[in-house]
1. For a quick check of understanding: with a 1.4 angstrom probe and all protein chains in place, what accessible area in square angstrom does Phe160 have, to the nearest ten?
2. Could you tell me, in Å, what Rg and Dmax come out for the Cα atoms of segment 1-88?
3. Using r as the Cβ-Cβ distance of His58 and Phe133, and R0 as 41 Å, what FRET efficiency do you calculate, to the nearest 0.05?
4. Would you compute, from DSSP H runs of 4+ residues alone, the mean residue ellipticity of the chain at 222 nm, taking -39500 (n - 2.57) per run and dividing by the full residue count, rounded to the nearest 500?
5. For the chain, what is the accessible area per residue in Å², given a 1.4 Å probe and the full set of protein chains?
6. Express the carbon and sulfur contribution to the solvent-accessible surface of the chain as a percent, rounded to the nearest whole number, probe 1.4 angstrom.
7. For the chain, find the longest principal axis of its Cα atoms and tell me its angle to the long axis of helix 43-53, 0 to 90°, nearest 10.
8. So how much slack lies between Ala24 and Thr204, counting 0.36 nm per residue of separation and subtracting their Cα-Cα distance, in nm?
Amino acid sequence: MDIFGPYTPLILLIFVASMLIQAALTRSYRKWSGVRNAQNLTGAEVARRMLDENGLSHVPVNAVPGNLSDHYDPLRKTVNLSEGVYGVPSVAAMAIAAHEVGHAVQDKVRMPALVLRGKMAVPLSLGMNLAPFMVMLGAVLQFSGLLWLGVVLFGAALVFHLVTLPVEFDASRRALAYLNGRGLSGGGEGQKGAQGVLTAAALTYVAGFAMALAQLLNVLSIARNND
């Protein structure tokens, strides 16, 4: 009986890498949160401008508690910005706000990857809470049906992370194109800072995909060894 699998060291390695990437994102965010953007616009003002110019004047921009808790809610059709972004005229706030509006624009044009991710999110979040227990119990009890159901759920998680990558990359592309095209980034250091913040954020999603892939390989190995 094997309940750990040969890819456990790889999972631990990716976990450490994920922590380092998150630390890099935090450092980049803190650095550029202290640098005022060229137009002296808060994150909320940037978001409002970008929404209005994309025919989304009906989408509200809300302030939400937390740090780096910014997100677009496709169900309520709201752009939600954290306290450090909503009312702050920094380079980081500008970049993050534009990124979240990028998701609102994706929703408007019904980007297929965004639609698919939205349909997967709720059922998958429920299933993934049970998947590790299914794999563990299936291996311990030698119940292959339960074990392979866990494998399927881990496979679905990998698909979710795979779909997330183009969604996030596209939102950042839209954000940078808007900021640079309207001269809001100010060029030079401002443009470099916005790019740096969004690149660091994108790497967190790459790490998430790598972790999902390693976990799937691990549970596949466990399932095969316990068949």
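The values are calculated or read from the model by the stated rules, or taken from the named source; none is laboratory data. Given the structure is predicted, the values throughout are model-derived calculations rather than measurements. For neighbour counting, all protein chains shown are included, and Cβ atoms are generated from backbone atoms with ideal geometry for every residue, glycine included. Surface accessibility is based on the protein's heavy atoms, side chains included, excluding ligands, DNA and RNA. Shrake-Rupley method; radii C 1.70, N 1.55, O 1.52, S 1.80 Å.
1. 50
2. Cα radius of gyration and Dmax of segment 1-88 are 18.7, 62 Å respectively.
3. On the way: r = 43 Å, r/R0 = 1.04.
Using R0 = 41 Å, I get an efficiency of 0.45.
4. Values: 7 runs with 165 residues, N = 227.
Value at 222 nm, helices only: -25500 deg cm²/dmol.
5. Details: 11280 Å² over 227 residues.
For the chain, the per-residue accessible area is 50 Å².
6. Working: 7370 of 11280 Å².
Solvent-exposed carbon and sulfur of the chain make up 65 percent of the total.
7. With both axes taken from Cα atoms, the answer is about 80 degrees.
8. Details: separation 180, 0.36 × 180 = 64.80 nm, distance 0.97 nm.
Using 0.36 nm per residue and subtracting the Cα-Cα distance, I get 63.8 nm.
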